[in-house]
Every structure is written in C-alpha cells, then in structure tokens.
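So the structure is just underneath, and the comments pick up after that.
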Amino acid sequence: YLEKRFGTTTRLATCSVYLLQFLLYTGVVLYAPALALEATTGLSTTMSILIIGIVCTFYSTIGGMKAVLITDVFQGLLMIASVVIVIVTAAVDVGGFGEIWRIAMDGGRIDFY
C-alpha cells in the first residue's frame with residue numbers, strides 16, 4: 001500500500017523503521033526476563049536469553065495463538081491478584097481502610113472541588 005501510494009522510498013523507510021523498532025522491542029522482551037533467570041539460576045545472560053527465546057518460540061509454535069492467549073489471561077489474572085494483595089497488605093499495615101480514609105481526609109486529599 002505504501003509503495004503504491006507514496007513510492008518505493010517511503011516503503012523502504014517505513015520498513016526500516018519498523019524493523020529497528022521490532023529489534024529493539026524484542027531485545028528488551030528477551031533481556032528483562034533473562035536478568036531474572038540469571039539471578040535465580042546463576043546462568044549467564046547470554047544463555048538465559050537463548051533459553052527464553054527457544055522456549056517462547058517452541059511454546060508459541062506448538063501451542064499456537066490459543067496457548068499464547070491462555071498464558072496472557074493467566075498473567076493478567078496474576079497481576080490483578082498481586083495488586084489486590086498489595087493493597088490489602090498495605091491497608092492492614094496502616095490500620096485498615098478506615099484509617100486510610102481518615103488520613104486522606106486529614107490531608108485534604110478527598111476534596112475534589
């Protein structure tokens with residue numbers, strides 16, 4: 001579409017920018033969990049990146065989009081549960097939600113107008 005509408009130069013520029021963005025994104029996506037794997041197992045960063053890349057590629061290829069979707073749903077539920085646990089733990093440490101409300105009222109954080 002871009003080549004037909006704007007010419008070959010635009011298509012090549014767009015493709016190059018997208019490729020650069022994809023490579024940078026993939027690097028971050030592989031590097032972040034590799035740091036966690038390195039810290040927990042003692043493997044090198046390079047080996048951790050290779051293992052994560054191979055496992056994710058194999059998992060996506062064998063399981064397809066359904067497996068990826070199920071994993072994403074599980075991760076989403078896990079994140080929501082983690083946030084709820086953090087909020088409840090913080091509320092208990094402070095003295096309950098009533099105490100949080102009182103502190104917010106005393107600090108003038110409830111006045112929206």
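Every number here is computed from the coordinates shown, using simple stated rules; none is lab data. Please read all numbers here as calculations on a predicted model, not as lab measurements. Note that each Cβ is placed from the backbone with ideal geometry, even for glycine, and that neighbours are counted across all protein chains shown.
Using only helices, what value at 222 nm comes out for the chain when you add -39,500 (n - 2.57) per DSSP H run of length 4 or more and divide by the total residues, to the nearest 500 deg cm²/dmol?
Helix contribution divided over all residues of the chain: -31000 deg cm²/dmol.
Taking the alpha-carbon centroid of each part, what is the distance from the range 86-112 to the range 1-74 in angstrom?
Computed from Cα coordinates, the inter-centre distance equals 41 Å.
Taking the Cα centre of the range 2-106 as origin, work out the dipole magnitude from +1 charges on Lys and Arg Cβ and -1 charges on Asp and Glu Cβ, in debye rounded to 20.
Using Cβ point charges on Lys, Arg, Asp and Glu, the range 2-106 gives about 620 debye.
Hey, what do the phi angles of the range 101-113 turn into as Karplus ³J(HN,Hα) couplings, whole Hz, using 6.51/-1.76/1.60 and θ = phi - 60°, x for Gly and Pro?
My calculation for the range 101-113 gives 5, 5, 5, 5, 5, 5, x, x, 8, 9, 6, 8, 10 Hz in order.
Normalised by the number of residues in the chain, what is the relative contact order in percent for Cα pairs under 8 Å and 6+ residues apart?
10 percent.
How far is helix 8-41 tilted off the main Cα axis of the chain, in degrees rounded to 10, range 0 to 90?
Once rounded, the angle reads 50 degrees.
Rg/Rh for the range 31-113 to two decimals, with Rh computed the Kirkwood way over all alpha-carbon pairs.
Ratio of gyration radius to Kirkwood radius for the range 31-113: 1.25.
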